[in-house]
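Below: the structure, in structure tokens.
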Amino acid sequence: MNPFVSVYHAVKKLFTFPKKKGQKKKEDITAKLNQETLQNASGVVTTTKKRKSRQEELGLKKLSFNYVVKNDAGQTIKSIFEAYDKSEVEAFLKNEGYTIVSITLRKKYEMEIIPTKLSVNELAFSLTQISTYIKAGIPLIDSVRILARQTTNPHKRKIYDRIVYDLVTGESFSTALENQEVVFPRLLINMVKTAEMTGDLTSILDEMSDYYTEIEKTRRAMITALIYPAIIMIVAIAVVAFILIWVVPNFVDMYRESGAELPGITIFTMNASDFLSNNYMYIVVALLVILGIYHYMYKNIKGFRKAMQTFYMKIPVFGNIIIYNEVTMFTKTFASLLNHSVFITDSMEILSKITNNEVYKEIIANTLNTLSKGGKISESFRGQWAFPVVAYEMLVTGENTGQLGTMMEKVAEHYSNLHRNSVTAIKTLIEPITICILAFFVGFILLSIVIPMFDMYSNAANM
């Protein structure tokens with residue numbers, strides 16, 4: 001052997017620190033896992049539950065990869081996939097029949113902070129499609145593959161790809177959804193679990209699609225009821241502010257030059273105009289700061305959120321709309337869970353995660369506590385101001401007759417109609433009321449401007 005080579009290896013060995021036992025073991029197992037995937041000649045994903053558990057045991061975290069592939073039609077598709085390594089992504093894409101163009105690890109600045117959710121309409125339509133495909137004899141995994149192929153949004157495609165991957169590796173549909181619980185509602189996940197036990201997945205998917213469609217209609221009606229008057233009021237305030245800041249000052253200068261004696265209504269308007277003209281930027285900044293603080297406190301402080309929700313629910317007319325909406329969602333969801341043989345305690349836990357209203361969360365928490373002591377559901381709802389008497393009496397009747405699910409459906413239908421009628425009534429009344437308020441303020445300003453003008457003309461005529 002060349003003496004120089006011998007010296008080189010001796011020095012290298014001397015200055016190379018031995019790897020830690022755990023680190024070497026981790027690298028060996030990771031390399032073996034990668035080799036298992038790459039050695040699969042057919043390209044089928046070989047990641048099993050055993051492989052996943054070994055990866056979790058090693059503490060490996062999934063990485064996000066950008067990929068570019070071509071389908072059978074030659075179309076280029078770009079999307080994102082999360083996996084433990086690049087070979088895992090490659091094996092999955094080959095198994096799906098794509099021609100791989102490139103797979104690259106996403107940069108840190110590209111990493112998604114918040115997973116992209118499916119809108120309620122998209123979720124309802126997807127459930128309908130899956131149910132239709134299954135009824136037509138298409139397997140579940142192929143049904144989800146169709147959803148993945150028909151979307152052009154890479155973030156939405158990643159959601160469906162993740163489901164396909166979990167199904168390929170032997171996971172159940174509910175587990176595949178649960179692995180993305182930030183994207184899919186807890187209610188849907190639990191209902192799919194129930195369907196897997198009863199073997200009636202298509203019926204559950206159809207019912208969930210109808211459920212989310214109705215919930216979206218109710219939500220939109222709720223938003224319309226609250227946003228419409230808010231927009232009208234903002235426009236009215238903007239009009240009054242414009243007149244005070246840019247129109248009134250022109251007359252103020254004229255009156256000051258004339259030296260005429262001004263009535264109190266004009267002095268008040270002039271002072272308001274001066275204040276807004278000199279401080280409107282500070283007012284805007286202050287309002288933005290207040291709104292920011294309010295948003296932060298509402299989102300992060302439970303006590304403040306509950307206090308504000310209670311206040312809103314006790315506002316005349318508008319409060320009823322909120323209560324009707326919450327009762328409709330609660331009873332509709334409760335009925336759906338009960339009709340599919342979900343235990344009452346499990347139903348209550350699901351309901352507590354669905355609602356964002358702290359008042360109803362507290363009622364549900366009290367119900368779980370009562371049930372744990374052997375009590376009835378109605379005991380927790382008795383005397384609750386946020387749960388109308390009609391709904392309570394039907395709850396008691398359903399509990400006593402064993403028809404709780406049916407009664408909750410009737411309650412949901414009743415309060416859904418009340419909510420719809422209340423929204424329509426507000427939309428009908430708010431416009432004339434707002435116009436009257438706007439006319440009052442504009443008329444007040446015009447009078448404050450016109451009255452001194454008449455006095456000036458009268459004095460000029462007498463002279």
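Where a number appears in this text, it was derived from the coordinates with a stated rule and is not lab data. Values in this document were obtained by computation on a predicted structure and should not be read as measured data. Backbone-built Cβ (ideal geometry, glycine too); neighbour counts: all protein chains shown.
Observations, loosely collected:
- The H on the amide N of VAL101, modeled in the peptide plane, is under 5 Å from the matching H of VAL68, VAL69, LYS70, each at least 5 residues off or on a different chain.
- Residue-count net charge about VAL101 - beta-carbon cut-off 13 Å; Lys, Arg +1, Asp, Glu -1: +2
- Sequence-ordered 3J(HN,Hα) estimates for segment 305-320 from the Karplus curve with 6.51, -1.76 and 1.60 and θ = phi - 60° stand at 4, 5, 4, 5, 5, 4, 4, 4, 6, 9, 6, x, 6, 5, x, 5 Hz, glycine and proline given as x.
- Computed extension length for LYS306-PHE125: 61.8 nm, one decimal, from 0.36 nm per residue of separation with the Cα-Cα distance subtracted.
- Computed from backbone phi, the HN-Hα couplings of segment 82-93 come to 9, 8, 7, 7, 5, 5, 5, 5, 4, 5, 5, 5 Hz, rounded to whole numbers (Karplus: 6.51 cos²θ - 1.76 cosθ + 1.60, θ = phi - 60°; Gly and Pro given as x).
- Sequence-ordered 3J(HN,Hα) estimates for segment 295-304 from the Karplus curve with 6.51, -1.76 and 1.60 and θ = phi - 60° stand at 4, 5, 5, 5, 7, 10, 10, 4, x, 5 Hz, glycine and proline given as x.
- Per residue, the convex hull spanned by the alpha carbons of segment 333-460 comes to 143 Å³.
- LEU118 long-range amide H proximity, modeled H, under 5 Å: none
- Other residues whose C-beta falls under 15 angstrom from the C-beta of ILE245 contribute a net charge of -2, scoring Lys and Arg +1 and Asp and Glu -1.
- Over 21 Å [Cα-Cα, segment 125-217], rounded percent: 25 percent
- Residue-span extension gain [THR406 to HIS295] - 0.36 nm each, minus C-alpha spacing: 36.1 nm
- Calculated diffusion of segment 228-463, Stokes-Einstein form, Kirkwood radius summed over Cα pairs, 25 °C and 0.890 mPa s, µm²/s: 110 µm²/s
- Alpha-carbon Rg with Dmax, taken over segment 233-362, Å: 25.0, 83
- Distance between segment 316-352 and segment 138-165 - C-alpha centres, whole angstrom: 31 Å
- Distant-in-sequence amide contacts of SER79, defined by a placed amide H-H separation under 5 Å and a gap of 5 or more residues or a different chain, comprise TYR67.
- Counting Lys and Arg as +1 and Asp and Glu as -1 over every other residue whose Cβ lies under 10 Å from the Cβ of ILE77, the net charge comes to +4.
- Spin-label model distance (nm) - THR169 vs PHE343, 7 Å beyond Cα toward Cβ: 2.9 nm
- Extension gain for ALA136-LEU63 works out to 22.6 nm (0.36 nm per residue, less the C-alpha to C-alpha distance).
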